[in-house]
Amino acid sequence: MIEQIAPRSAPELTDDDILELYAGAPIPPSGPPPVPSNGRIRVNFVTSLDGSATVDGRSGSLGGPADLRVFDLLRRLADVVLVGAGTVRTEGYGPMRLHDADVVWRRNHGLPDHPVFAIVSGALALDPTSPIFTEAPVRPLILTVANAPDGPRAALDAVADVIDCGDTTIDPAQVRAAVVQRGLPRIHCEGGPSLLGALIAADAVDELCLSLSPTLEGGAGPRIAAGRSAPRTLRLAHVLRADDLLLTRHVR
Ligand SMILES: NC(=O)c1ccc[n+]([C@@H]2O[C@H](COP(=O)([O-])OP(=O)(O)OC[C@H]3O[C@@H](n4cnc5c(N)ncnc54)[C@H](OP(=O)(O)O)[C@@H]3O)[C@@H](O)[C@H]2O)c1
């Protein structure tokens, strides 16, 4: 059960209630969620109370069912799901294929069945025979740099659209422009910390959805962002609660 506790309180939320809260505006009963004109980058993370983004190297066991529910609902609202190659490799991502209920909802709201999977990688250490590519419901994007190695680039070209978004490191402004140009303005980023650090440094984060797990992890797990300091202030849009887990949404 997920309830809202701020800015107002509301008892048990339905999936439609939750979608509308994260859309930030009413969603027409048979139309698409609001379309941001120049693209909107939403980032979603889960962390422990002591700030760890992982347990034993992965995020999976931090969140629990409520976090997973919102994780899936956020994909429902997305045109493109943006993920750093480190997270793709560590979390063992498969093809970007949504659940049947998500597909039904998307069809009813005039969206394609599945969002596009966009992987951010400079080194292109990605296996072109992985189900990510061979079982993709939509041809994935690989957002890379001009000096990426030629061999992997040629191999990945066969299974994905490989797009340069910078010379030696990924430039988030070019990432945004590249996906918006392809008609994918609702940009949903699932991490990880290096990619979020690059987005923060470029002031490219429009929204952070953060689940705060009621756990203390200790250890040396990473924070949700890595890289150089670049302080930004966001505004609290809502706080949801599922037992002791908090689900927050902060926007520009
Ligand atoms: N708690 C959470 O919600 C959450 C969410 C996501 C991930 N995680 C955890 O975070 C860890 C992974 O951390 P990470 O920092 O390696 O993840 P990451 O940001 O997903 O991946 C880093 C990789 O992405 C590419 N990349 C990211 N930004 C880039 C840039 N500006 N320019 C060029 N390439 C860029 C590079 O790929 P190449 O190496 O291919 O060049 C880089 O090595 C895992 O343990 C994962 O479980 C936690």
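The values are calculated or read from the model by the stated rules, or taken from the named source; none is laboratory data. Predicted model, so just to flag it, every value in this text is computed and none were measured. Don't worry about glycine lacking a Cβ; one is built from the backbone with ideal geometry, like all the others, and counts go over all protein chains shown.
Restricting to the range 176-197, what's the tally of residues that are within 13 Å of the ligand (Cβ to nearest atom) and touching a Pro at 6+ places or on another chain (Cβ under 6 Å)? Count: 1.
Mind telling me which of the residues THR248, THR169 ends up being in contact with a strand residue (DSSP E or B) (Cβ under 7 Å, 6 or more places away or on another chain) and either at pLDDT below 95 or of a type in the set (Val, Ile, Thr) (or both)?
Details: THR169 fails: in contact with a strand residue (DSSP E or B) (Cβ under 7 Å, 6 or more places away or on another chain).
The unique qualifying residue is THR248.
The condition of being within 22 Å of ALA177 (Cβ to Cβ) and either β-branched (Val, Ile, Thr) or out of contact with any strand residue (DSSP E or B) (no Cβ under 6 Å at 6 or more places or on another chain) (or both) holds for only one of VAL116, VAL104, VAL55, VAL70, that being VAL116. In the set (1) in contact with an Asp or Glu (Cβ under 8 Å, 6 or more places away or on another chain); (2) more than 13 Å from the ligand (Cβ to nearest atom); (3) under 19 Å from ARG186 (Cβ atoms); (4) not polar (S, T, N, Q), the condition left unmet by VAL80 is number (1). The set of residues in the range 21-50 being over 27 Å from SER61 (Cβ atoms) and in a helix (DSSP H, G or I) consists of ALA23 alone. Within the range 1-20, residues that are part of a strand (DSSP E or B) have Cβ atoms under 6 Å from residues that are among the hydrophobic types (A, V, I, L, M, F, W, C) and modelled with pLDDT of 95 or more in these pairs: GLN4/ALA10; GLN4/LEU240; ILE5/VAL239; ALA6/VAL239, counting only partners at least 6 apart in sequence or on another chain.
Return the residue satisfying two criteria in turn: it lies in the range 83-126 and is among the β-branched types (Val, Ile, Thr) and either buried (at least 19 other Cβ atoms within 10 Å of the Cβ) or within 15 Å of the ligand (Cβ to nearest atom) (or both), and of such residues it is nearest to ILE41 (Cα to Cα). Among them, the one singled out is VAL83. Taken as a whole, the structure places ARG42 among residues that are in contact with a strand residue (DSSP E or B) (Cβ under 9 Å, 6 or more places away or on another chain) and not acidic (Asp, Glu).
Scanning the range 61-82 for residues that are closer than 26 Å to PRO128 by Cβ and either hydrophobic (A, V, I, L, M, F, W, C) or surrounded by fewer than 16 Cβ atoms within 10 Å (Cβ to Cβ) (or both) yields a count of 4. Whenever a residue of the range 135-152 is more than 10 Å from the ligand (Cβ to nearest atom), its partners that are assigned to a helix (DSSP H, G or I), lying with C-beta atoms within less than 7 angstrom and at least six residues away or across chains, give the pairs PRO140/ILE132; PRO140/PHE133. Assessment of the range 23-41 against the conditions (closer than 19 Å to LEU247 by Cα and among the β-branched types (Val, Ile, Thr)) yields at least one matching residue.
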